[in-house]
Structure formats: C-alpha cells, structure tokens
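Chemist: The structure follows.
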C-alpha cells in the first residue's frame with residue numbers, strides 16, 4: 001500500500017490534482033444524490049431549517065487543521081532543503097581547505113575522498129530517499145573522508161566533516177518523516193462533513209446545491225492536491241535534487 005502511495009506521488013502534479021478532484025467529485029455526487037435526500041427528504045424540507053453557522057464552524061475547523069498540516073509539510077521541506085545546502089557547503093569548505101594544504105598528496109587525498117562521498121550520496125544514496133529505504137548509518141565513503149580529513153588537516157577539517165555528517169542526518173531524518181495518519185484522517189473527515197453540511201444547507205434548491213457542492217469540492221480537491229504534491233520532499237515533480245552535491249563532485253575532479 002505504501003509503495004502504491006509513493007508511485008501515486010511520483011506522478012505529475014496536474015495528474016495528481018485531477019485524480020484528487022475526481023475523488024472529491026464522487027463524494028459530492030454521493031452527497032447530492034443519496035445523503036441530502038435521505039437527510040432532507042426529496043423536497044428538501046424534512047430538516048425544516050439548517051443553520052448556516054453550522055457550516056461556518058465546520059469550515060473553520062477544516063481550514064485550521066488543513067493549515068496546520070500545510071505548515072508542518074512546508075516547514076519539513078524547508079529543513080530538508082537547508083540540510084542539503086549545508087551538507088554541500090561543508091564539502092565545498094573541505095575543498096577550499098584542501099587547496100590550502102602544503103602537502104599536495106594530502107590535498108589530493110582530501111579531494112578524492114570528497115569526490116567519492118559526494119558521488120555516493122548523489123548516485124547511490126539519493127534514489128533510496130524516494131522509497132524510504134535509506135540506511136541512516138555512516139557509509140564507508142564518510143568513514144574514509146573522516147580518516148583522510150583527520151590525517152590531513154586535524155581538528156579543523158574534522159569539524160567540517162562532522163558538520164556535513166550532521167546535515168546528512170537532518171536530511172535523512174526530516175526527509176523520511178511522515179505526518180501521522182490520524183492528522184490526515186481528521187482533515188479528510190472534516191472535509192466530508194463540510195460537503196455534507198453544504199448539501200444540507202441547500203437542501204431545498206437542487207440547482208444551487210449542485211453549484212455549491214461543485215465549488216466547495218474543487219476548493220477541497222485543490223487544497224489536498226497541494227498537500228500531496230509536497231507530502232514527500234524526495235518524490236514527485238517538485239522533489240529535491242542532489243544538484244549541489246553533484247557540483248561538489250565536479251569541482252573535486254576539476255584541475
């Protein structure tokens with residue numbers, strides 16, 4: 001089931017939006033055809049009166065919880081993006097310090113270690129972030145880089161390596177973190193309740209009910225589409241790419 005969800009998120013954003021809006025359209029159709037006639041009767045007068053304040057309160061709760069989820073997703077994405085930049089910046093700093101070393105052999109060893117580690121992250125580790133199978137333990141290339149930095153530059157270079165490792169840990173932990181199913185479930189239920197409330201509010205007027213349900217379900221569908229497009233920072237059309245780390249590897253092999 002999780003693999004299916006990951007595959008769905010990897011689709012282009014317009015396709016995701018179309019599928020989500022279609023699902024909410026089915027919900028609206030069921031409300032219009034089945035739920036409202038059952039609640040309000042065929043003539044829409046069974047409830048006698050349905051206050052608009054009820055709909056307003058449900059819409060307020062739905063909007064607030066939807067905003068909380070959006071803030072969590074975007075904050076997570078910003079932290080992952082910052083970690084990627086910090087990781088690449090630390091490796092760039094290693095190359096800068098390697099150029100200042102008096103021993104050409106040690107400088108070359110640092111550059112080779114940085115190149116191998118950057119290539120490992122970009123080519124081997126990065127694809128595993130998309131399917132959440134990344135091993136958070138320190139890879140062999142990182143161990144080699146730590147040893148070379150310690151022998152070539154001592155504590156200053158070793159501190160830079162530790163900064164790169166800390167950024168990598170943040171990238172993996174934050175990037176693979178997922179919002180709890182309970183939070184998604186509550187927002188989903190509130191969305192359905194909002195659609196039912198809108199339908200009941202227009203129980204006596206089928207034409208205005210169709211228009212109201214269409215507008216509300218489109219708004220809800222677009223909101224859920226935006227959340228899903230940003231649900232995984234390493235999956236989909238807007239996935240974070242290892243371009244900065246590839247640039248580090250290219251600089252490490254440059255003359």
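Chemist: If you scan the range 217-227, which residues turn out to be touching a residue at least 60 places away in the same chain (Cβ under 8 Å) and surrounded by fewer than 21 Cβ atoms within 10 Å (Cβ to Cβ)?
Modeler: Once the filter is applied, which keeps residues that are touching a residue at least 60 places away in the same chain (Cβ under 8 Å) and surrounded by fewer than 21 Cβ atoms within 10 Å (Cβ to Cβ), the range 217-227 yields 218, 222, 223, 225, 226, 227.
Chemist: Out of 235, 216, I need the residue that is touching a helix residue (DSSP H, G or I) at 6+ places or on another chain (Cβ under 7 Å) and not in a helix (DSSP H, G or I). Which one?
Modeler: Selected residue: 235, the only one of 235, 216 that is touching a helix residue (DSSP H, G or I) at 6+ places or on another chain (Cβ under 7 Å) and not in a helix (DSSP H, G or I).
Chemist: Specify which of the listed residues (183, 209, 246) is in contact (Cβ under 8 Å) with a residue 24 or more places away in the chain, part of a helix (DSSP H, G or I), touching a helix residue (DSSP H, G or I) at 6+ places or on another chain (Cβ under 7 Å) and within 30 Å of residue 116 (Cα to Cα).
Modeler: Checking each option against the conditions leaves just 246.
Chemist: Just to check your reading of the model, which residue among 174, 149 is crowded, with 20+ Cβ neighbours inside 10 Å and over 30 Å from residue 36 (Cα atoms)?
Modeler: 149
Chemist: Continuing with the same structure: Among the residues of the range 91-105, write down those that are within 31 Å of the chain's Cα centre (by Cα) and either under 14 Å from residue 150 (Cα atoms) or modelled with pLDDT under 85 (or both). Break it down stepwise before answering.
Modeler: Step one: filter the range 91-105 for residues within 31 Å of the chain's Cα centre (by Cα), giving 91-94.
Result: 94, single match.
The values are calculated or read from the model by the stated rules, or taken from the named source; none is laboratory data. What you see is a predicted model, and the numbers here were worked out from it, not measured in a lab. Quick reminder, even Gly has a Cβ in these numbers, built from the backbone with ideal geometry, and neighbours come from all protein chains shown.
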